[in-house]
Amino acid sequence: MTDPQQNCQSKVASKLYPAIREAVILCLVTVIAATVFNMLRPSGIPLCGFSSAIILQEQQANIPVITLSAAYDLYLNKKVVFVDARDPFSYEEGHIAGAVNIYPDEAILQAAILKQMLSPGSLVITYCDGPQCPLSKETAQRLQLQGLSAVKVLVNGWSLWRDAGYPVAKGKK
């Protein structure tokens, strides 16, 4: 004699297992199709973390870069406003003397103040730290969108400037 409860469980299981199996198969097919499609796209999303090559490529696009020696010449001739795009803590630990701290998210709000700081023929140079740091590029792009056309990026600016022995400062100013 069969137990009615066991019989009911058996009926539920016989209907549930095929549905679960079909759902798993459908998910696997979807993941495989999405992965193949992503790999075929020229601008596909990296599957393992971030791609430093993509970050570096974006950093070089659209915003012109400037060499350390050219940036220092502008500094000596007072024809530049440096924008440190790093976080406030890093800025306070050390920055290019006279630089202002504008994180990418603040660029839109600070653009008007920055425009007032510029003299005719002056240039804005954004920098952060590390050859692959995207903050200087992001800040430069946002400043350009606010009408500041004379913007360049000093890639790995903080490390290059400090290591060259050029003037640095600490604190909020």
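The values are calculated or read from the model by the stated rules, or taken from the named source; none is laboratory data. As the structure is a computational prediction, the values presented were derived from the model and not from experiment. Methodologically, a virtual Cβ is constructed for each residue, glycine included, from the backbone with ideal geometry; neighbour enumeration extends over all protein chains shown.
Annotations
- Verdict on SER51 being modelled with pLDDT under 65 and not aliphatic (A, V, I, L, M): yes
- Checking LEU114, LEU145 one by one, the residue that is surrounded by 14 or more Cβ atoms within 10 Å (Cβ to Cβ) and free of Cβ contacts under 8 Å to residues at least 40 places away in the same chain is LEU114 and no other.
- Among (1) at pLDDT below 90; (2) not in a loop (DSSP other than H, G, I, E, B), the one test that SER136 misses: (1)
- Residue match in the stretch 96-113 (condition: small (Gly, Ala, Ser), over 15 Å from VAL168 (Cα atoms) and over 21 Å from the mean Cα position of the chain (by Cα)): yes
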